[in-house]
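Worksheet: one structure, shown below.
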Amino acid sequence: MTLPKNAVPPEAAEDFAAWVAIDWADKKHVWALQKAGSSSRQTGELEATPEAVDAWVSQLLLEFPGQRIAVALEQKRGALQCLLSKYAALVLFPVHPATVSRMRAALYPSNNKDDPQNADLLLDILLHHRKHLRRLDADTVETRKLQMLVEDRRQLVDQGTAYGNQLRAKLKLYYPQALRWLPDLHTVVAGDFLKRWPTLPLLQKARRETLETFFHAHNCRSEELLQKRLDEIPQAVVATTDAAIVDSSVAMVRALVDLMAVLRTHIAALDREIAATAAVHPELPILSSLPGAGEVMVPRLIAALGRSGNASPVPANCRPPPGLPRSSRPAARANGFTFAGRVPSSCARASTSGWDTPSPNPPGPRPSTRSKSARAKGTMPRYGPWPSNGSAFYFAVGKIANPTMNRSISRLCGGGVLRTRRPPEKYILQTRTFLLTEVLR
């Protein structure tokens, strides 16, 4: 899709009374302002507090009543962005910090960082390179809440994984048999076992009937596995008798077990909150109808796709990726938008093989079609449709080839879901409208 020749670009249709750039910091923010139709600039500082920011914005709104003000800042999600987003007259344009850093290195070879200089560079980017920026249009409240809940849950799971790794490392020092008897340290039975018997000598003093009662109470019903554990416990040998190692490790093990128990409780609470939020989301009936979509994947799909009920025009950075050969770019454009650079979460690429067409590629590794000369030149070969693994996520949005978007979608969907081995020939960038049209077809 392209704009007609006589159409006015969205940038030209926007009428701003002033242009503002803010270089944020923990203590003070530095701002630069230029009024429309003027070449002079005003600069100043304000405290990084909600009261100071509110007073400053109120003064701007009084100076430009009923008019819109464009604001550039190096935050897409942060404290300053939250403070400014509640004002309807402010139109926010996030700028990646690397963009400002590279422009500063190009214009000022000394690379001395200065807050007023950064604000001035941000204002230059906003005024002269706004076609490369994407206006920050917030999703609906339900979608943004679901996105934050899913991301927060992912962070708690990652913290639990880190605690589990630390616990495993400590047990290897003085109590390695516990790793064999309790292969999953994240379970309730593992935590209760280590809290009750943190060392092997304490475990060997326990009666066989006590151990059987403990495992039965924790729903360990495999008699073969239980008898194997009970037979190995009396024959186990202590790994070390060094009191320094044992005492310090026991203290750390107890701390880690308690932390993992707290994380389990709050992850379960987040799961309930995510389920309740997804249950009232307007997109739930559509996304739950996707093949393989269940109660776990549907909220992550909603969070990953975004733009629920508020699909915005395709941004300027949605264009053929530079890795594609130029001969294949027109074909990619003919099948839909492709992307290069950072892609918003509202856009997603669907499989080029269609929604209902099975993948023609057999499972297993695919043979390389690149010639030696092509590999030497670093050119990208032409590939067929990407094979689908049948999951709802790949069915809905396909694999994301952009590395940054790949990582963000992977965090939303539980981590380790997306592994792009090689890029396909065409990346179709979907808006929410196109996705819903395909799903309802």
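The values are calculated or read from the model by the stated rules, or taken from the named source; none is laboratory data. Everything numeric in this text was worked out from a predicted model, so none of it was measured. Using ideal geometry, Cβ is built from the backbone for each residue, glycine included, and neighbour counts are taken over all protein chains shown. Only protein heavy atoms, including side chains, enter the accessible area calculation; ligands, DNA and RNA are left aside. Shrake-Rupley method; radii C 1.70, N 1.55, O 1.52, S 1.80 Å.
Things worth noting here:
- Value of Rg/Rh across region 55-179 [Cα atoms, Kirkwood radius]: 1.19
- Estimated distance in nm for a label pair at residue 180 and residue 112, the labels positioned 7 Å out from Cα along Cα-to-Cβ: 6.6
- Sulfur and carbon atoms: percent of accessible area, region 141-206 [1.4 Å]: 53
- Stretched out straight at 0.36 nm per residue, the stretch from residue 224 to residue 38 would grow longer than its current Cα-Cα span by 58.6 nm.
- With the simple model of a label 7 Å out from the Cα in the direction of the Cβ, residue 156 to residue 15 spans 4.9 nm.
- When only alpha carbons of region 97-155 are considered, Rg and Dmax amount to 16.8, 47 Å.
- Our note on the geometry: Cα centres of region 70-108 and region 152-225, 48 Å apart.
- Put simply, the amide H of residue 28, placed in the peptide plane, has neighbours under 5 Å in 48, leaving out anything fewer than 5 places away on its chain.
- Extension gain (nm, one decimal) between residue 188 and residue 49, 0.36 nm per residue minus Cα-Cα: 45.7 nm
- Rounded FRET efficiency, nearest 0.05, which uses the C-beta distance separating residue 214 from residue 254 and R0 of 22 Å: 0.80
- Relative intensity of region 209-313 on a log10 scale, I(q)/I(0) at q = 0.16, 0.24 Å⁻¹, equals -0.91, -1.22, per a Debye sum over C-alpha point scatterers of equal strength in the absence of solvent.
- Alpha-carbon gyration tensor eigenvalues x 5, square-rooted, for region 183-267, Å: 21, 20, 9
- Diffusion coefficient, µm² s⁻¹, Stokes-Einstein with Kirkwood Rh over alpha-carbon pairs of region 120-270 at 25 °C and 0.890 mPa s: 131
- Sequentially through region 253-261, phi angles give Karplus couplings (6.51, -1.76, 1.60; θ = phi - 60°) of 4, 5, 5, 5, 4, 5, 4, 5, 5 Hz, Gly and Pro residues having no value and appearing as x.
- Across region 138-181, Cα-Cα distances exceeding 11 Å account for 70% of all pairs.
- Protection proxy ranking, highest mean first, for peptides 29-37, 200-208, 287-295, 105-113: 29-37, 287-295, 200-208, 105-113, where packing is the per-residue count of other beta-carbon atoms within 10 Å, averaged.
- Under the Karplus curve 6.51 cos²θ - 1.76 cosθ + 1.60, θ = phi - 60°, whole-Hz ³J(HN,Hα) for region 232-243, x wherever Gly or Pro sits: 7, 4, x, 8, 5, 10, 5, 6, 8, 10, 5, 5
- Measuring against 32 Å, Cα to Cα, the residue pairs 76/172; 27/145; 28/170; 86/131 contain 76/172; 28/170 as the ones spanning a longer distance.
- Under 5 Å, built H, 5+ apart or other chain: amide partners of residue 91: 69, 70, 71
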